[in-house]
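> The structure's right below; bear with me while I get my questions together.
The values are calculated or read from the model by the stated rules, or taken from the named source; none is laboratory data. What you are looking at is a predicted structure, and each value in this text was computed from that prediction instead of being measured. Every residue, glycine as well, gets a Cβ built from its backbone with ideal geometry; the counts of neighbours run over all protein chains shown. Heavy atoms of the whole protein, side chains included, go into the accessibility calculation; ligands, DNA and RNA do not. Shrake-Rupley method; radii C 1.70, N 1.55, O 1.52, S 1.80 Å.
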Number of protein chains: 2
Amino acid sequence: MDTIANAITIERAKTSKIDQVDFNNLAFGKVLTDHMLVCDYKNGAWETPKVVPYQPITLDPSAKIFHYGQSVFEGMKAYKDSEENVWLFRPLDNHKRINISSKRLAIPEIPEDYFMEGLKALLKVDEQWIPTSEGSSLYIRPFIFATGTGFHASPADEYKMIIACAPSGSYFAGKVKVLIEETYSRSANGGVGFAKAGGNYAGQFYPTQLAVEKGYNQVIWTDDNTHEYIEEAGAMNIFIRINDTLITSPTSDRILDGITRKSIIEIAKDENIPVEVRKITVSEVVEASKNGSLKEMFGAGTAAVISPISGFGYRNEEYDLPELENSYAALLKKRITDIQYNKVEDKFGWRYKL
Amino acid sequence: MDTIANAITIERAKTSKIDQVDFNNLAFGKVLTDHMLVCDYKNGAWETPKVVPYQPITLDPSAKIFHYGQSVFEGMKAYKDSEENVWLFRPLDNHKRINISSKRLAIPEIPEDYFMEGLKALLKVDEQWIPTSEGSSLYIRPFIFATGTGFHASPADEYKMIIACAPSGSYFAGKVKVLIEETYSRSANGGVGFAKAGGNYAGQFYPTQLAVEKGYNQVIWTDDNTHEYIEEAGAMNIFIRINDTLITSPTSDRILDGITRKSIIEIAKDENIPVEVRKITVSEVVEASKNGSLKEMFGAGTAAVISPISGFGYRNEEYDLPELENSYAALLKKRITDIQYNKVEDKFGWRYKL
Ligand SMILES: Cc1ncc(COP(=O)(O)O)c(C=O)c1O
Ligand SMILES: Cc1ncc(COP(=O)(O)O)c(C=O)c1O
């Protein structure tokens, strides 16, 4: 590990953009920090990562990223506590997952030390960009894409990993209204839905636009075969509370294995909340809404944290969720963010000090 | 139309690379011509296309193409006849299809005259790059990708269309051996399989690599639900001849509506070949192979033209196709390429003179 950490070179930006940023009014992922990490894959190997000023990338028009969508990414956050210590949340799981995604997309895996030491070097240089205002954090975006060229539809021979960061506020402005989708689908059995592959996201834009035009914020995807099973949302896994039981779909090759999701499952169990990881049908949720046993629905993801759902649409009917005093969403959000921001003890060992 | 044609500016390359190219030994899509067409979408509109020297593109690292795979493309060819006239094949269908793809990917549609007049202007400048050697042509690659920036998973506000060209020989070196896939899938019901979306191709690389390691050239995709129905190959639609009947799957939201496929259907009918456009099961093909009624299989696509399949693998068994004297593949390939290269009359009205 030490060898790579020592080899990483750092080229500092001549001027900083930080004074132009209003840290009390941060949008999500719009303002980028002064630096980025770059790591190239050439001649069959990853080269030494470098921290460089944030700058444009120059590529040949026949680079395969433009033609064949060969790309994967991750989403992480850095949190600053009241003593200005910097924390990551389960970052090794992001490293593992980017390699799971890369394998499915025929992209070479990135060694753990290149990813982790590169990330640490970058965060040290841009440390003052990590916001401290309530609900804000530094959103971290590692991504890998095909730079190798040619119009033959086959894997590229060269790739670039970049890690870029954006001080960010909340992903959603308020409560989230969702549409349960029955026409379009996010992923196929045996497809790439479990991977954070670029193409999975572009495919969701159009159906999501149609939902937005109808007054929803997000689509809840169902399986592409029967449209009977709740899968996940665009960038969040979905939790459903019926009476006092918290239910979430099992992961599969169609569903992203979310780090927030699995953390929430553990915290809920620790809170003695009955948790069921099982397939859940749309009709069950509709039924529960009608008979009053549907108490809560929320999304869980790094960007969205825990986002309570205020209601859902299904087959041209609207279903509202009740307003609860002691919601699981509020409880679980507090517990996970308290761990992330180092406000409480971390009995799970998830926090990672920079 | 005239207005756009007149507005297109042309900046010529200072030097040409054409002397470095061995036109008698062309690979597929490796050598690019001297120029490219560029057309930007900004502030809600497509700007006037420009012909410029082929050159690198510079993009912000947060451009959405790198993160969310928002891209579509087309594949066309320009053919030169013995009198040096240049021909395209059904180019308006490529324009229609790129817009069908774009709509599904939430990319703004490109007007017909921008696409066609831009393409014509480019081909006039690079006309001497169109090869004349047997079996060669100029492969044309129009592609559109998201240049707008930001980490929010939503459609970009800026896009770039580029048309680049590569003088090319055959896509496959010889006959093609295929594996009928039962584990991985190419597309979902309600997904983006019918679109030429970048992400569809990256998702095929890994399963194709696994097939290549087992000695196959390509995967034949089956439906993701039952894996019982033959769909298409990576960049070709599939035709199967049982006794004297030519069968191909109907197109769907999972299958690309290939221009070669629909042309072959028309030519076959014109040749009084019985054609069936219907679902075809793997067991039917295996059965036909066992009882000797399976005569031919071939792929059809712009890049692959008509590529005869020499055999297929399924559930660890190998099935060989017979060598035929008068194959449909040979007959149909001759008829379509004779039209494309202006060697015969074009009763269908498919040829398009530059
Ligand atoms: C499709 C999808 N589902 C779920 C999630 C949540 O995963 P995580 O909690 O690891 O951020 C994400 C990513 O943020 C996602 O893109
Ligand atoms: C997935 C797929 N199927 C089929 C085809 C054949 O389509 P066309 O004949 O229009 O080239 C292509 C493109 O070349 C393709 O990418």
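> If the reach is capped at under 13 angstrom between alpha carbons, list the aspartates and glutamates near A:Lys343, excluding any in the same chain fewer than eight residues apart.
Qualifying aspartates and glutamates at Cα under 13 Å: A:Asp81, A:Glu83, A:Glu84, A:Glu134.
> Using a 1.4 Å probe on the protein heavy atoms only, what accessible surface does A:Glu317 show? Give it in Å² to the nearest 10.
The accessible area comes out at roughly 100 Å².
> Interface size between chain A and chain B, please: total buried accessible area, 1.4 Å probe, rounded to the nearest 100 Å².
5100
> Please give the solvent-accessible surface of B:Trp87 in Å², to the nearest 10, using a probe radius of 1.4 Å with every protein chain present.
B:Trp87 has an accessible surface of roughly 30 Å² with all protein chains in place.
> Then there's this: Indicate the gyration tensor shape class of the stretch A:1-147 (rounded, prolate or oblate), computed on the Cα atoms with a ≥ b ≥ c the square roots of the eigenvalues: a/c under 1.5 is rounded; otherwise a/b larger than b/c is prolate and the rest oblate. If you can, show how the numbers build up before the last one.
Working: a/c = 1.61, a/b = 1.49, b/c = 1.08.
Prolate.
> Taking beta carbons within 10 Å but only from partner chains, what does the mean come to for residues A:225-237?
Taking all residues of A:225-237 together, the mean is 1.
> Among the listed pairs B:Lys290/B:Lys334; B:Lys196/B:Lys262; B:Lys96/B:Lys196; B:Lys120/B:Lys160, which are separated by more than 22 Å between their Cα atoms?
Those over the limit are B:Lys290/B:Lys334.
> What dipole magnitude, in Debye to the nearest 20, does the protein assembly as shown give about its Cα centre under +1 on Lys/Arg Cβ and -1 on Asp/Glu Cβ? If you can, show how the numbers build up before the last one.
On the way: 80 positive and 96 negative charges, 114 e Å.
In debye, rounded to 20, the protein assembly as shown gives about 540.
> Heavy atoms of the protein only, probe of 1.4 Å, neighbouring chains included. What is the accessible area of A:Arg90 in Å², nearest 10?
The accessible area comes out at roughly 40 Å².
> Where the centroid of each part is defined by its Cα atoms, how far is the stretch A:301-336 from the stretch B:261-307 in Å?
52
> Right, another one. Quick one: which residues, 5+ away or cross-chain, put their amide H under 5 Å from the amide H of A:Ser137? H built at 1.01 Å from N.
When sequence neighbours closer than 5 places are left aside, the close amide H contacts are A:Ser168.
> Expressed as a whole percentage, what fraction of the accessible surface of the stretch B:176-340 belongs to carbon and sulfur atoms when a 1.4 Å probe is rolled over the protein heavy atoms?
Details: 2670 of 6100 Å².
Here carbon and sulfur together make up 44 percent of the probe-accessible area.
> How far, in degrees from 0 to 90, does helix A:282-291 lean away from the longest principal axis of the Cα atoms of chain A, to the nearest 10?
That helix lies at roughly 50 degrees to the long axis.
> Read phi for every residue in the stretch B:245-252 and hand back ³J(HN,Hα) as whole Hz from Karplus 6.51 cos²θ - 1.76 cosθ + 1.60, θ = phi - 60°, with x for Gly and Pro.
Result, ordered by residue: 9, 9, 10, 9, 5, x, 6, 7 Hz.
> Which residues, if any, in the stretch B:196-217 lose at least 50 square angstrom of accessible heavy-atom surface (probe 1.4 Å) when the other protein chains sit next to their chain rather than the chain being alone?
B:Ala202, B:Phe205, B:Tyr206
> List the residue from chain A whose beta-carbon is nearest to the axis that rotates chain A onto chain B, together with that distance in whole Å.
With distances in whole Å, chain A gives A:Gly199, 1.
> Moving to a separate point now. Going by a 1.4 Å probe on protein heavy atoms, which residues of the stretch B:44-60 end up with at least 10 Å² less accessible surface in the whole assembly than in their chain alone?
B:Tyr54, B:Pro56, B:Ile57, B:Thr58, B:Leu59, B:Asp60
> Let me spell out the model: positive unit charges on the Cβ of Lys and Arg, negative unit charges on the Cβ of Asp and Glu, origin at the Cα centre of the stretch B:1-78. What dipole size does that give, in debye rounded to 20?
My answer is approximately 120 debye.
> Considering the dipole of chain A built from charges on the beta carbon (Lys and Arg +1, Asp and Glu -1) around the Cα centre, which of A:Trp350, A:Ile110, A:Phe89 is farthest to its positive end?
After comparing all options, I get A:Ile110.
> Per residue, what accessible area does the protein assembly as shown have, given a 1.4 Å probe and all protein chains present, in Å²?
39
> OK, next. How high is the relative contact order of chain B, in percent, counting Cα pairs under 8 Å that sit 6 or more residues apart?
Relative contact order for chain B comes out at 18 percent.
> Still on this structure: Put +1 on the Cβ of every Lys and Arg and -1 on every Asp and Glu Cβ in chain B; which of B:Gly29, B:Ala78, B:Ala146 then has its Cα farthest towards the positive end of the dipole?
B:Ala146
> What are the distances, in nm and sorted shortest first, from the label point of A:Val21 to the label points of the same position in each other copy, with each label point placed 7 Å from Cα along the Cα-to-Cβ direction?
In ascending order, 4.6 nm.
> Determine the equivalent ellipsoid of the stretch A:176-340 by diagonalising the alpha-carbon gyration tensor, then write out the semi-axes as square roots of 5 times the eigenvalues, largest first, rounded to whole Å.
23, 19, 15
> How far is B:Glu112 from itself in the other copies, in nm, if each label sits 7 Å out from Cα along the Cα-Cβ line, shortest first?
Nearest first, the other copies' label points are 5.9 nm away.
> For the stretch B:43-127, give the percent of accessible area contributed by carbon and sulfur heavy atoms, probe 1.4 Å, rounded to a whole number.
Ligands and nucleic acids excluded, carbon and sulfur give 46 percent.
> Using only atoms on other chains, find how many Cβ atoms lie within 10 Å of each Cβ of peptide A:149-162 and report the average. Numbers along the way, then the final one.
Numbers: counts 3, 7, 17, 9, 13, 7, 5, 2, 0, 0, 0, 2, 0, 3.
Mean inter-chain Cβ contacts per residue within 10 Å come to 5.
> Oh, and also: Output wanted: per-residue J couplings in Hz (rounded whole) for the stretch B:334-349, from phi through Karplus 6.51 cos²θ - 1.76 cosθ + 1.60, θ = phi - 60°, x for Gly and Pro.
Values, residue by residue: 4, 5, 6, 6, 4, 5, 4, 8, 6, 9, 9, 4, 10, 5, 8, x Hz.
> While we're here: Per-residue ellipticity at 222 nm for the protein assembly as shown, helices alone: DSSP H runs ≥ 4 residues times -39500 (n - 2.57), over residue total, nearest 500 deg cm²/dmol?
-7500 deg cm²/dmol
> Take the Cα atoms of chain A, find their three principal axes, and give me the spread along each one in whole Å, biggest first.
In descending order, the Cα extents are 62, 53, 35 Å.
> Against the longest alpha carbon principal axis of chain B, how many degrees, from 0 to 90 and to the nearest 10, is the axis of helix B:198-213 turned?
That works out to roughly 40 degrees.
> Using a 1.4 angstrom probe on the protein heavy atoms only, could you order A:Thr251, A:Thr132, A:Thr208, B:Thr222 from most to least accessible area?
Details: A:Thr251 55, A:Thr132 90, A:Thr208 30, B:Thr222 5 Å².
So, going from the largest accessible area down, we get A:Thr132, A:Thr251, A:Thr208, B:Thr222.
> Let me ask something additional. Give, rounded to the nearest 20 debye, the magnitude of the charge dipole that the stretch B:2-168 has about its Cα centre when Lys and Arg contribute +1 at Cβ and Asp and Glu contribute -1 at Cβ.
460
> Here's a follow-up. For A:Glu213, place a label point 7 Å out from Cα along the Cα→Cβ vector, do the same in each other copy, and report the separations in nm, one decimal, smallest first.
4.5
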